[in-house]
Amino acid sequence: MRYLRENMMRTWFPAQYFLVALTLASCSPSAAPPSGTPPNAMAPTPLPASQIPQFVDPLPLLAVAGGTIETITAPSATLSMCEFKATVMPSTFAPTSSTYSGTYVWGYRNGSTCPGSGTPLSTYIGPVLVSTRGTPTEIQYINSLPNTAASRLSAWKTSTDQTLSWADPLNSEANRCAGAVVENQPPYGGCASNYAGPVPTIPHLHGGEVPPVLDGGPDAWFTSDGTYRGHSYYSKAGTVPNGAIYRYPNKQEAAPLWFHDHALGVTRLNVYAGLAGIYLITDPALTLPAGLHPIGLRQGAGGSIDHVTPLVIQDRMFDTTGQLYFPNMGPNPEHPFWMMEFFGDTNVVNGKVWPYLNVEARRYRFLLINGSNARTYELSLSGQPLWQIATDGGYLDKPVRLGKLTVMPGERADIMIDFSGLAGQTLILENHGRTPFPNGAPPDAATAGRILQFRVGPSTLAGADASYNLAQGDALRPPMRRLVNPATGMLTVAPSKTRQLTLNDMMGSGGMGMVRLLINNTKASGTRADGTARTDFTAVTVGGVTEYMSEASAEGETEVWEIVNLTADAHPIHIHLTPVQVLNRQRIDLGMYKMAYDMAFPSGASMFGDGPPLTYLPSAASGSKHGGNPDIQPYLDGPIQLPEINEAGWKDTVIAYPGQVTRIAVRFAPTDTAAGVARNYSFDPDAGGHGFVWHCHILDHEDNDMMRPYKITAARGAARTYVMGVDY
């Protein structure tokens, strides 16, 4: 990843210590400004959520269930990224100055052509791809989005921020504007303008056990005109110039994945525009309990199938004409268009504002995905229990009964709800998640606190509900392979190493908000703030671009990662390639630890962006842990906290709470590998050389450097059945 090419030297200090940053250089006046356009003089007017009608239109459903969200089961498909109109707003919505004919959105469409400009589609979400374990799925992704001049999506065009580390297609990823940022000072010239040009995109299979070149990493992007590509771009032979062919191996256990855009520095905008779909991996060899089907519920042996209902929940804002609205007034002068966290006032489910769903008085299965940029949902249903049967990484051993369900961006939850005995009632799926989570303001109960309305009618089944009986609690699967005993919060395997890594943020000296967020105080490029490299990081060059990696792991090994959150917010930490298991959490004396952390730097004061204060390799000061941070052990405050009962499974996105250390067990091998057994991936995890990334899945954060690459050393002599250049 080419993130920051610093052309200056600067030192950053946390605002809470009231120190002023020193900047020693600025933007070169002789450098040509990047291509861009000034922000719109005629800014759209946001529409208050309270003026939008609720529960007017039905929830968009799968086509196989009589809806319009297409399901693809074929082993190959072409998905085009398109701009089109969808009826996102309620059918009773009436703009004051025009007629509502749909909202301009982006989405993945099945086929090589995009929808016409006529009748708007009913949703932008989808499609749902259903794959079979052991059978590869080949997808040709085509970027057919218009360039910024032709696009009607003003929320994207007026919010690109070229002072972030981003794809920068027209300047060979140079990121001159990011390198020209001076603290507490507005950017100069074209750097204060929005981007103008072809749109970069790259689909990422979130939760996929895939080779690195198929991961859809942030630097593998390609543009809609077929001219520009990131330095990590890859495709199987035979694609079009504005496309890429990915052939996913589907070797992992059955799990609810999703795919979304991941282009460097514009992920928050591309996903906000609508680029998200669902990817289900089913396993014919997995024996499910009676009444449960791989993609839904079954009414007894050989009975009818009630397909799972997806619930892709996203918060949005709209303008007075019903178009997407995205705030673009950055609180800090360094980033004129970047907002630290976007929180919309309107909830959209499956691409429809506040829909309703007619259900019968029986059991239903829902796949819930938090597709929001930053909002955390705490969901409850009028006192009715929510039963979770699967997490990000697949089925739990047994169903878990929940009074509320917490999901951060990127997390998925496969749940069941029993509406038996509720005929004639109307229930609302409510949200109580605070913003920022968990200590911010509660949501407006009349708007952001509402998600979806259920209208319960009588059952039309001929007899009793014969689907999976939650009350019996039958095992959902054979016992999963465990790295952790969730009942004790202790390991069941011996780790090869422990890493202690921090989450950091930097307040602007003007006190108006965050300037940047980092993992382990390290920019994604791995260089220091002055552009120099640390000797304890490993240089990796791909496509002519060098980045400096610190997390270098070995295939087949298990590690413990201790994520120490030094910020005020919770962060959903997502590790590409490998699911993890939550070990435990523990509070820390944050004030005392921060003091020790700052004093551990060579200067005796925090040096933001320079990496950890100590050498990354284990030392006495780090408690013999990798990571380069003072040992957290003397600053622990209170007993360990066990994983939540619905976290007792494989997860690819884990909540790291503020003021706590979150410990996770990470094994770089297939999840069904028995403890102590040497087993490798079917592919070389180092093929192509550029590795994977791990990051915060608050999209606004990952777009501003809260992301690090990591590398896996392939096991020597391992037999591979999925080979680069042959199978993909």
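The values are calculated or read from the model by the stated rules, or taken from the named source; none is laboratory data. A quick note: this is a predicted structure, and the numbers were derived from the prediction, not measured. Backbone-built Cβ (ideal geometry, glycine too); neighbour counts: all protein chains shown.
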(message) What are the pairs with Cβ atoms under 7 angstrom where one residue, in the range 623-635, is closer than 18 Å to R587 by Cβ and the other, located anywhere, is outside any loop (DSSP other than H, G, I, E, B) and among the hydroxyl-bearing types (S, T, Y)? Sequence gap at least six, or different chains.
(response) N629/T502; N629/Y597; P630/Y597; I632/Y593; Y635/Y593
(request) State all residues of the range 619-629 that are under 29 Å from the mean Cα position of the chain (by Cα) and part of a loop (DSSP other than H, G, I, E, B); if no residue qualifies, say none. (result) K625, G627, G628, N629
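Here is a yes/no grid of residues against (1) among the aromatic types (F, W, Y); (2) closer than 27 Å to G134 by Cα; (3) in contact with a strand residue (DSSP E or B) (Cβ under 9 Å, 6 or more places away or on another chain):
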residue: N175; (1), (2), (3): no, no, no
residue: E183; (1), (2), (3): no, no, yes
residue: G190; (1), (2), (3): no, no, yes
residue: G207; (1), (2), (3): no, yes, yes
residue: T227; (1), (2), (3): no, no, no
residue: A237; (1), (2), (3): no, yes, yes
residue: Y246; (1), (2), (3): yes, yes, yes
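Residue by residue, here is whether (1) in a loop (DSSP other than H, G, I, E, B); (2) of a type in the set (F, W, Y); (3) under 22 Å from P495 (Cα atoms); (4) at pLDDT 95 or above holds:
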| site | (1), (2), (3), (4) |
| --- | --- |
| A675 | yes, no, yes, no |
| D705 | yes, no, no, yes |
| P709 | no, no, yes, yes |
| A715 | yes, no, yes, yes |
| Y722 | yes, yes, no, yes |
(message) Can you say whether T567 is touching a strand residue (DSSP E or B) at 6+ places or on another chain (Cβ under 9 Å), in contact (Cβ under 8 Å) with a residue 12 or more places away in the chain and either among the β-branched types (V, I, T) or assigned to a strand (DSSP E or B) (or both), as far as the supplied structure shows?
(response) yes
(request) For T92, work out the one condition from (1) modelled with pLDDT of 95 or more; (2) buried (at least 19 other Cβ atoms within 10 Å of the Cβ); (3) not in a strand (DSSP E or B) it doesn't fulfil. (result) (2)
(request) Considering each of Y548, Y616 in turn, give the residue that is among the hydroxyl-bearing types (S, T, Y), within 30 Å of Y681 (Cα to Cα), assigned to a strand (DSSP E or B) and at pLDDT 95 or above. (result) Y548
(message) Condition first: more than 14 Å from the chain's Cα centre (by Cα) and among the hydrophobic types (A, V, I, L, M, F, W, C). Can you find one or more residues in the range 251-267 that meet it?
(response) yes
(request) Would you list the strands (runs of 3 or more DSSP E) that sit entirely within the range 317-406 and hold 2 or more residues that are charged (D, E, K, R)? (result) 363-370, 394-402
(request) Identify, by number, the condition in (1) in a helix (DSSP H, G or I); (2) buried (at least 22 other Cβ atoms within 10 Å of the Cβ) that L170 doesn't meet. (result) (2)
(request) Would you check if T653 is β-branched (V, I, T), buried (at least 21 other Cβ atoms within 10 Å of the Cβ) and in contact with an Asp or Glu (Cβ under 9 Å, 6 or more places away or on another chain)? (result) yes
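Any residue in the range 409-416 that is buried (at least 19 other Cβ atoms within 10 Å of the Cβ) and on the phi > 0 side of the Ramachandran plot?
For the range 409-416, residues buried (at least 19 other Cβ atoms within 10 Å of the Cβ) and on the phi > 0 side of the Ramachandran plot: present.
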(message) So, in the range 671-714, exactly how many residues are among the basic types (K, R) and surrounded by fewer than 23 Cβ atoms within 10 Å (Cβ to Cβ)?
(response) 2
(message) So, in the range 116-163, exactly how many residues are basic (K, R) and either under 20 Å from V199 (Cα atoms) or without any contact (Cβ under 8 Å) to a residue 60 or more places away in the chain (or both)?
(response) 2
(message) Among (1) under 28 Å from the mean Cα position of the chain (by Cα); (2) surrounded by fewer than 24 Cβ atoms within 10 Å (Cβ to Cβ); (3) closer than 30 Å to D474 by Cβ, there is one condition Q323 misses while meeting the rest; what is its number?
(response) (3)
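Is the range 294-313 home to any residue that is free of Cβ contacts under 8 Å to residues at least 24 places away in the same chain, under 30 Å from Y395 (Cα atoms) and part of a strand (DSSP E or B)? It would help to see each step written out before you state the result.
In the first step, residues of the range 294-313 are kept if they are free of Cβ contacts under 8 Å to residues at least 24 places away in the same chain; the result is 301-302, 304-305.
With under 30 Å from Y395 (Cα atoms) added as a condition, the list becomes 301-302, 304-305.
Applying the additional criterion that residues be part of a strand (DSSP E or B) yields 305.
Checked against the condition, which is being free of Cβ contacts under 8 Å to residues at least 24 places away in the same chain, under 30 Å from Y395 (Cα atoms) and part of a strand (DSSP E or B), the range 294-313 yields at least one hit.
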(message) Given the options L590, L614, L583, name the one that is more than 29 Å from the chain's Cα centre (by Cα) and on the phi < 0 side of the Ramachandran plot.
(response) L614
(message) So if I check each of Y593, Y681, Y597, Y635, which one is closer than 21 Å to H576 by Cα and among the aromatic types (F, W, Y)?
(response) Y681
(request) Name, by its number, the condition in (1) buried (at least 19 other Cβ atoms within 10 Å of the Cβ); (2) farther than 25 Å from Q314 by Cβ; (3) aromatic (F, W, Y) that does not hold for Y188. (result) (1)
(request) Quick one: in the range 115-126, of everything that is in a loop (DSSP other than H, G, I, E, B) and within 26 Å of the chain's Cα centre (by Cα), which residue is nearest to G371 (Cα to Cα)? (result) I125
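Quick grid of which residues meet (1) surrounded by 24 or more Cβ atoms within 10 Å (Cβ to Cβ); (2) modelled with pLDDT under 95; (3) of a type outside the set (S, T, Y):
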{"position": "P241", "(1), (2), (3)": "no, no, yes"}
{"position": "P249", "(1), (2), (3)": "no, no, yes"}
{"position": "E253", "(1), (2), (3)": "no, no, yes"}
{"position": "L264", "(1), (2), (3)": "yes, no, yes"}
{"position": "L269", "(1), (2), (3)": "yes, no, yes"}
{"position": "Y272", "(1), (2), (3)": "yes, no, no"}
{"position": "A276", "(1), (2), (3)": "yes, no, yes"}
{"position": "L286", "(1), (2), (3)": "no, no, yes"}
(request) Pull up the range 567-593, narrow it to residues that are out of contact with any Asp or Glu (no Cβ under 6 Å at 6 or more places or on another chain), closer than 24 Å to V407 by Cβ and of a type in the set (A, V, I, L, M, F, W, C), then point me to the one that is surrounded by the most Cβ atoms within 10 Å (Cβ to Cβ). (result) I573
(request) List the number of the failed condition for D474; all other conditions in (1) in a loop (DSSP other than H, G, I, E, B); (2) of a type in the set (D, E, K, R); (3) modelled with pLDDT of 95 or more hold. (result) (3)
(request) Just one of (1) within 21 Å of the chain's Cα centre (by Cα); (2) under 24 Å from H335 (Cα atoms); (3) charged (D, E, K, R) trips up E173, so point out which. (result) (1)
(request) Return the total of residues in the range 526-553 being surrounded by 24 or more Cβ atoms within 10 Å (Cβ to Cβ) and either over 26 Å from the mean Cα position of the chain (by Cα) or more than 21 Å from P618 (Cα to Cα) (or both). (result) 1
(message) Quick check on D536: is it modelled with pLDDT of 95 or more, among the charged types (D, E, K, R) and over 22 Å from N704 (Cβ atoms)?
(response) yes
(request) Identify all residues within the range 96-114 that are closer than 17 Å to A273 by Cα and outside any loop (DSSP other than H, G, I, E, B); write none if there are none. (result) T103, Y104, V105, W106, G107, Y108, R109
(message) It is to be established whether one or more residues within the range 563-576 are at pLDDT 95 or above, more than 27 Å from I712 (Cβ to Cβ) and over 23 Å from the mean Cα position of the chain (by Cα).
(response) no
